[in-house]
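Input: a single structure, listed below in C-alpha cells.
The values are calculated or read from the model by the stated rules, or taken from the named source; none is laboratory data. Bear in mind that the values here come from a model prediction, so they are computed numbers and not experimental data. Positions of Cβ are generated from backbone atoms using ideal geometry, with glycine treated the same way; all protein chains shown enter the neighbour counts.
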Amino acid sequence: MTLDATADESFRSGFACFVGRPNVGKSTLMNALVGAKVAITSSRPQTTRHAVRGIVNRPAAQLILVDTPGLHRPRTLLGARLNDIVKTTWAEVDVVAVCLAATDPVGPGDRFLVSELAKVVRTPKLAVVTKTDLVTPDQLATYLMSVAALGEQTGVGWEEIVPVSAVDGFHVGLVGDLLTSRLPEGPALYLDGELTDEPETTLVAELVREAALEGVRDELPHSLAVVVEEMSRREGRPEDRPLLDVQAILYVERSSQKGIVIGKGGARLKQVGSAARTQIEALLGTPVYLDLRVKIAKNWQRDPKQLRRLGF
C-alpha cells in the first residue's frame with residue numbers, strides 16, 4: 001500500500017494508541033515520535049502504569065499518541081487495573097498500533113492480545129515491529145512473516161506491517177505518517193507546541209520512579225510507586241535564581257524492599273535523587289531541590305483503598 005500523507009491538505013486530528021506486551025518498546029517509540037521524553041522507559045516490566053499522552057504537531061495534522069501499560073496476565077489488583085486501562089484506551093482511539101518486538105518470538109501473550117483487539121471491529125489496526133536494530137535482516141524477514149500470520153489467525157487484518165527502530169530512527173517518520181493518515185478531519189485539540197497533557201507532578205513522579213528502577217532486583221519494580229507530595233517555588237529567591245522544591249515519597253511493600261531502595265548508608269537513594277533531579281531540571285528548565293523519602297505501604301498492589309490513594 002502506498003501512502004502520501006500530505007496529499008490531503010485538510011487538517012486531521014485524533015488519537016492513536018500503542019499497545020503490546022510489556023517491554024516491547026512502546027514508550028521509546030512514542031518519545032521518538034514526539035521528539036521529547038514524555039514517557040519513562042526501563043527494561044523492567046510494568047514501567048508504564050497509566051495512559052500517557054504525547055502530542056505530535058505537524059503542519060496539516062495533530063496526532064495524539066497514547067502509550068499504554070503492557071497487557072499481561074495479572075497477578076494483582078493493580079495488574080488487572082492496568083489491563084483495564086489498555087482495553088478502555090483501544091476502544092476509544094481512532095487507530096491502534098500493536099507493537100511487537102522483533103527480538104521475541106510471537107507467543108501466546110501476543111496471540112491473546114491481538115485476539116482481544118480483534119473484538120474492536122471498526123478501528124484500523126497496524127502492526128509495528130520494534131527493535132529491528134537488534135536482529136539480522138533474515139531474522140526480521142522471518143519475524144514479519146510470523147506477524148502477518150498472526151493477523152490472519154486472529155482475524156485482525158493488519159492495514160500495515162511496519163518494521164521500526166526508535167533507537168536509530170528507522171521508519172519512525174513512516175509510523176507517524178501511517179497513523180496520521182487514518183485520523184479523521186478536524187481541528188487541533190491542543191495548542192501548538194504542547195507535547196503532553198500530563199500534569200507536571202505526574203511527570204516528576206514518573207522520572208523519580210524511572211531513576212529508582214535502574215539496577216534493582218526483579219521483584220522490586222512491581223512494588224514501587226512514587227507520589228509527589230509537594231512541588232512549589234521556594235520563597236525569597238531572586239527572579240534570576242529560582243529554585244523548585246519537590247518532595248516525593250517512594251512507596252514499597254516490605255521493609256526489605258525499603259532497604260534496597262535506600263541502599264547502604266543511603267547511597268542508593270542519593271544516586272536515585274541525583275539522576276532524577278537531572279531529568280526533572282531538564283524537563284522543567286529550572287534548578288530543583290529534590291527531597292526523597294521511602295515508606296512502606298504493605299501489599300498496596302492488592303489493596304483497593306491504597307491503590308486509590310496512590311492514584312490507580
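With respect to the stated conditions, Val172 fails to be in contact with a strand residue (DSSP E or B) (Cβ under 9 Å, 6 or more places away or on another chain), aliphatic (A, V, I, L, M) and either at pLDDT below 95 or under 27 Å from Pro184 (Cα atoms) (or both). Taken together, Val66, Val86, Val95 contain a single residue that is buried (at least 18 other Cβ atoms within 10 Å of the Cβ), touching a helix residue (DSSP H, G or I) at 6+ places or on another chain (Cβ under 6 Å) and at pLDDT below 95, which is Val66. Among residues of the stretch 101-117 that are farther than 20 Å from Ala141 by Cα, those with a Cβ under 7 angstrom from a residue that is among the aromatic types (Phe, Trp, Tyr) and modelled with pLDDT under 95, sequence gap 6+ or separate chain, pair up as Leu117/Trp90.
Per the conditions (1) over 22 Å from Asn23 (Cα atoms); (2) within 22 Å of the chain's Cα centre (by Cα), the sole criterion not satisfied by Lys131 is (1).
Within the bounds of the stretch 116-125, is there any residue that is acidic (Asp, Glu), under 30 Å from Gln62 (Cβ atoms) and either assigned by TED's automatic domain parsing to the domain that holds Met30 or not in a loop (DSSP other than H, G, I, E, B) (or both)?
There is at least one residue in the stretch 116-125 that is acidic (Asp, Glu), under 30 Å from Gln62 (Cβ atoms) and either assigned by TED's automatic domain parsing to the domain that holds Met30 or not in a loop (DSSP other than H, G, I, E, B) (or both).
For the stretch 136-159, the candidate set comprises residues that are polar (S, T, N, Q) and in contact (Cβ under 8 Å) with a residue 40 or more places away in the chain; within that set, the residue that is nearest to Lys125 (Cα to Cα) is Thr154. Those strands (runs of 3 or more DSSP E) of the stretch 212-312 in which 3 or more residues are within 22 Å of the chain's Cα centre (by Cα) occupy 225-233, 244-252. Residue-level check: of (1) out of contact with any Pro (no Cβ under 6 Å at 6 or more places or on another chain); (2) closer than 28 Å to Val34 by Cβ, Arg241 misses just (2).
Only a single criterion out of (1) in a helix (DSSP H, G or I); (2) among the basic types (Lys, Arg); (3) more than 30 Å from Ile249 (Cβ to Cβ) is not satisfied by Arg209, namely (3).
Of the residues that make up the stretch 175-191, is at least one within 22 Å of the chain's Cα centre (by Cα), of a type in the set (Asp, Glu) and more than 18 Å from Asp67 (Cβ to Cβ)? So far as the stretch 175-191 goes, yes, one or more of its residues are within 22 Å of the chain's Cα centre (by Cα), of a type in the set (Asp, Glu) and more than 18 Å from Asp67 (Cβ to Cβ).
Answer with yes or no whether Arg53 is under 17 Å from the mean Cα position of the chain (by Cα) and over 26 Å from Gly35 (Cα atoms). In short, no. In the stretch 126-164, of all residues being modelled with pLDDT of 95 or more and in a loop (DSSP other than H, G, I, E, B), the one that is surrounded by the fewest Cβ atoms within 10 Å (Cβ to Cβ) corresponds to Thr136.
Counting just the residues of the stretch 170-206 that are in contact with a helix residue (DSSP H, G or I) (Cβ under 7 Å, 6 or more places away or on another chain) and in a loop (DSSP other than H, G, I, E, B), which one comes out surrounded by the most Cβ atoms within 10 Å (Cβ to Cβ)? Going through the qualifying residues, I end up with Leu195.
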